[in-house]
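Laboratory data are not the source of any read-out in this text; all were calculated from the coordinates shown. Bear in mind that the values here come from a model prediction, so they are computed numbers and not experimental data. Glycine gets a Cβ as well: all are built from the backbone with ideal geometry, and neighbour counts include every protein chain shown.
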C-alpha cells in the first residue's frame, strides 16, 4: 500500500506541476482522504524521502524537492556536458592535482595497471568537488596519462578553472573518446567525503567508475566519482530477454487531497468518489 501511495504522490506532483519547495498535503489529510493508516502515509513519504523526491522540514511539513539529475545509460558524456544538457550550471573546485610516477606509493590501483604500454607511464590525477548551481553534488577523481595531459594543456591552473571540462579539452586537441565501460555501486559517505559534500557521515552515495578509450583503443581516462544519491539518478532503458509477457506491470493510482492543493482527479487504488 505504501509503495502504491508513493507512486500516486509522485503522479500528483507531476500532474499538478508542483515546483521545488511546494508544500504537500499533511500525513493526516492523506490518511483520512485515502482511508489509509497514518503509518502507511509516513512510510510512503519515507520512501520518497530516500529517493530525493521530497524533503521534510521539522514542524513545517513535507515539501517537493528538486528532481535528481537523470543520466541515461549508456551515455559517454562528461559531467559538465550532462549538467549543461539539463539546463543547469556545472562547476568545480580543485581539491588536488598530482603527477604519479610508476611505482609511486600514492598511485591507486586502476585499469591503467593492466595496460602493457601504460603501466609504466606517469599519470596525472585530478580531484575535484563537482557542483551544480554552486551546490556540491559529488567528488570526482580522474586519472589520465601524463603525455595526454601535456598534449591537451592540462596543468594545475587549467584544472583549477571552475568551468574546465576534460572531455571538451580532449576533443579540442583531437582526442576523441569512442568507447568506455562504467560500473556503479552503492556506498556510504566516509568522514572525508561527507565533510566535502556538506552531509552527515554515512549518507548514501553512488560510486561510478568509468574507463574511457579513444578510437585506437588506448585507455585515456579512468574516473572514480562519488555522487549524492539524492542528487544523481541513473536511468536504464531495457528490453526483455525472454519471449512473452511484459517486464513492467503498470500500477494506475490516483491521489486525492485537499490540504491547500488542487485535488487530483482520481483516488488512491481507483476507488469511486
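For this structure, a couple of remarks:
- When peptides 157-166, 46-55 are ranked by their average number of other Cβ atoms within 10 Å per residue, the highest-first order is 46-55, 157-166.
- Computed FRET value (nearest 0.05) for residue 39 with residue 16, which takes r as the C-beta separation and R₀ as 22 Å: 0.30
- Potential lengthening of the chain between residue 102 and residue 3 amounts to 30.5 nm, from the contour at 0.36 nm per residue minus the alpha-carbon distance.
- A straight chain from residue 215 to residue 147 at 0.36 nm per residue would run longer than the Cα-Cα distance by 22.8 nm.
- Inter-probe distance in nm under a simple model that places probes 7 Å from Cα toward Cβ, at residue 184 and residue 203: 1.9 nm
- Under the criterion of Cα pairs below 8 Å and six or more residues apart, the relative contact order for the stretch 1-47 equals 56 percent.
- The calculated FRET efficiency for the pair residue 117 and residue 155, based on their C-beta separation and a Förster distance of 22 Å, comes to about 0.40.
- Length gained on full extension, residue 88 to residue 191, computed as 0.36 nm times the residue gap minus the Cα-Cα distance: 34.2 nm.
- Value of relative contact order over the stretch 69-229, rounded to a whole percent, pairs C-alpha under 8 Å and six or more apart: 22 percent
- Point-to-point label distance, residue 46-residue 176, nm (Cα→Cβ direction, 7 Å offset): 5.2 nm
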